[in-house]
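Single-structure report; data block below.
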């Protein structure tokens, strides 16, 4: 009986250290797990867990009106996409010289020229869906003016009849379609608002019109 009791005690003392170690390991794991959960739940950031970064370049076309004439603008956009929810970048748009104004001055016809560009922010909703929406907002500076019609201009006449620089902000909304993995097409509307635009032969409201735009994006989304 004594030998059996002695063997039992030896087995107990052999198992206890391992059991204690397992318990300590479990406690350490639990504490680490709690710490991990605590820090993850403390402050969530754009660069947190599951962070994704992308970028794109785009060409854009805008249709609008100026003094009852149609105007078309061509431009570019390029940006950085954060977590597929927000794009930040630069844009620029220039008028295609197609709007002509007869007799702006006696015997002088004019063409409307100009452009603008700056920074943009574009929140994106449901980016992974085939059809989703974006809300671009852009702001910056531009130039707008009436230029002599090249066909009718006299050599001794000034080329610029009337011009001015201005600030602008342009909010908009668009429906975007994922055509391919690295190609998207957006259709939308926006509205220009200008400041400090003063022209002799036009008002700021002539340029503050609704735009209908098409954007073709290429990049890593």
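Given the residues 84, 62, which is the only one that is on the phi > 0 side of the Ramachandran plot, in contact with a strand residue (DSSP E or B) (Cβ under 8 Å, 6 or more places away or on another chain) and in contact (Cβ under 8 Å) with a residue 40 or more places away in the chain? Quick ask: steps written out before the conclusion?
On the way: 62 fails: on the phi > 0 side of the Ramachandran plot.
Every option except 84 fails the conditions.
Only one of these is in a loop (DSSP other than H, G, I, E, B) and either under 28 Å from the mean Cα position of the chain (by Cα) or more than 18 Å from residue 73 (Cβ to Cβ) (or both): 144, 197, 187. Name it.
Details: 144 fails: in a loop (DSSP other than H, G, I, E, B); 187 fails: in a loop (DSSP other than H, G, I, E, B).
When all the criteria are applied, what remains is 197.
Among the strands (runs of 3 or more DSSP E) confined wholly to the stretch 58-115, which include 2 or more residues that are farther than 20 Å from residue 171 by Cα and assigned by TED's automatic domain parsing to the domain that holds residue 215?
Of the strands (runs of 3 or more DSSP E) lying wholly inside the stretch 58-115, those with at least 2 residues that are farther than 20 Å from residue 171 by Cα and assigned by TED's automatic domain parsing to the domain that holds residue 215 span 69-82, 100-105.
On the basis of being surrounded by 18 or more Cβ atoms within 10 Å (Cβ to Cβ) and either outside the structural domain of residue 192 (by TED's automatic domain parsing) or outside any strand (DSSP E or B) (or both), does residue 127 make the cut?
Working: surrounded by 18 or more Cβ atoms within 10 Å (Cβ to Cβ): yes; either outside the structural domain of residue 192 (by TED's automatic domain parsing) or outside any strand (DSSP E or B) (or both): yes.
Considered against the rule, which asks whether it is surrounded by 18 or more Cβ atoms within 10 Å (Cβ to Cβ) and either outside the structural domain of residue 192 (by TED's automatic domain parsing) or outside any strand (DSSP E or B) (or both), residue 127 comes out as yes.
The values are calculated or read from the model by the stated rules, or taken from the named source; none is laboratory data. Here the structure is a predicted model, which means the values were calculated and not measured. Cβ: placed from backbone, ideal geometry, glycine included. Neighbour counts: every protein chain shown.
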